[in-house]
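Since the structure comes first, as structure tokens, the remarks are kept for the end.
The values are calculated or read from the model by the stated rules, or taken from the named source; none is laboratory data. Being a predicted model, the structure only gives us computed values, none of them experimental. Ideal geometry is used to build each Cβ from the backbone, glycine not excepted, and the neighbour counts take in all protein chains shown. The area values use the complete protein model at the heavy-atom level, side chains included, leaving out ligands, DNA and RNA. Shrake-Rupley method; radii C 1.70, N 1.55, O 1.52, S 1.80 Å.
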Amino acid sequence: MDEDLYRLASKWISESTHLVAFTGAGVSVESGIPTFRGEDGLWNKYNPIFLETNYFLTHPKKSWSLIKEIFYDFFGRAKPNDAHYVLAEMEKKGYVKSIITQNIDNLHQEAGSKNVLEFHGTSQTLTCVTCNSKYNSTNLLVSIPPYCPKCNGLLKPDFVFFGEPIPQEVLSESINEASLADVFLLIGTTGEIMPASTIPYIAEKNRAKFIEINIEESKYTNSMVNIFLKGKASEVLLKLIEFLS
Ligand code: NAD
């Protein structure tokens with residue numbers, strides 16, 4: 001039964017002309033990065049107010065000390081897991097055309113994926129809130145909060161804070177990718193984070209086939225998903241690539 005689902009999923013993948021993968025926090029759990037919500041979620045430990053723009057601008061030191069602890073000291077130690085590596089291999093083999101990720105941890109790129117759209121931005125770069133200069137985050141986090149070497153303005157990580165809009169470029173590229181997709185792979189996402197959660201509906205409108213990988217059902221499972229492969233992202237993807245080869 002399970003084998004049949006994998007066989008069918010791999011058939012769809014190998015016959016696809018434009019497969020898009022859409023990933024959420026679940027793909028990085030096995031790299032040691034917990035999800036935000038849920039039982040072991042980060043928001044059970046931290047108050048997410050420090051990621052609200054107004055709070056950040058008025059309390060830069062307090063915000064930055066948590067941002068550094070979570071997104072740089074902790075996330076920064078994480079390494080890609082097999083889920084990231086299999087997706088990169090699937091891109092190399094021509095199966096995956098792009099990944100739209102909601103994650104900000106850079107692990108898809110570290111694993112070798114090239115065509116990655118970071119819907120919520122990245123922790124890799126910082127931008128000055130005053131003069132807009134952009135910097136690599138490495139070496140700039142020695143004292144907190146970090147300030148712009150050019151104008152001394154406050155530096156903000158290039159990931160989307162609560163209440164901030166999604167950058168126009170990544171939004172339109174993601175919409176475009178979703179509208180081209182004939183197979184759409186949902187991995188480790190609840191489908192509850194707006195507006196990211198609307199992207200798969202664009203692919204649905206264009207009659208893409210949906211394959212989902214998750215340890216539990218998401219908002220999409222019973223509405224648009226054709227094949228639900230239950231399990232940890234790395235285990236399911238490793239099995240799937242076996243069927244593909
Ligand atoms: P989410 O929508 O990203 O959901 C996480 C999903 O992962 C859940 O459906 C859960 O069942 C699933 N999951 C957990 N472990 C899994 C595994 N081993 N294999 C497959 N699926 C697994 O929700 P969130 O965590 O609240 O995240 C909110 C937003 O913050 C999202 O945009 C998310 O991408 C982002 N976020 C990013 C990171 C990161 O950059 N690594 C970490 C946490 C949250």
task = Hey, can you tell me all the residues within the range 15-69 that are under 30 Å from Val96 (Cβ atoms), more than 10 Å from the ligand (Cβ to nearest atom) and acidic (Asp, Glu)?
result = Glu15
inquiry  = Contact list please: Cβ distance under 8 Å, first residue in the range 90-101 and open to solvent by 10 Å² or more (accessible area, probe 1.4 Å), second residue among the β-branched types (Val, Ile, Thr), pairs at least six apart or on different chains.
reply    = Glu91/Ile99; Tyr95/Ile13; Lys97/Val20
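To keep it simple, each residue is scored yes or no on (1) small (Gly, Ala, Ser); (2) under 14 Å from Thr23 (Cα atoms); (3) buried (at least 16 other Cβ atoms within 10 Å of the Cβ); (4) at pLDDT below 95.
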residue	(1), (2), (3), (4)
Val86	no, yes, yes, no
Glu110	no, no, no, no
Thr130	no, no, no, no
Tyr135	no, no, yes, no
query = Exactly one of (1) open to solvent by 10 Å² or more (accessible area, probe 1.4 Å); (2) touching a strand residue (DSSP E or B) at 6+ places or on another chain (Cβ under 8 Å); (3) away from the ligand (no atom under 11 Å from the Cβ); (4) at pLDDT 95 or above is unmet by Leu126. Its number?
reply = (1)
note = If we take the range 154-245, then helices (runs of 4 or more DSSP H) inside it with 2 or more residues that are of a type outside the set (Val, Ile, Thr), closer than 22 Å to Ser31 by Cα and under 16 Å from the mean Cα position of the chain (by Cα) are 233-244
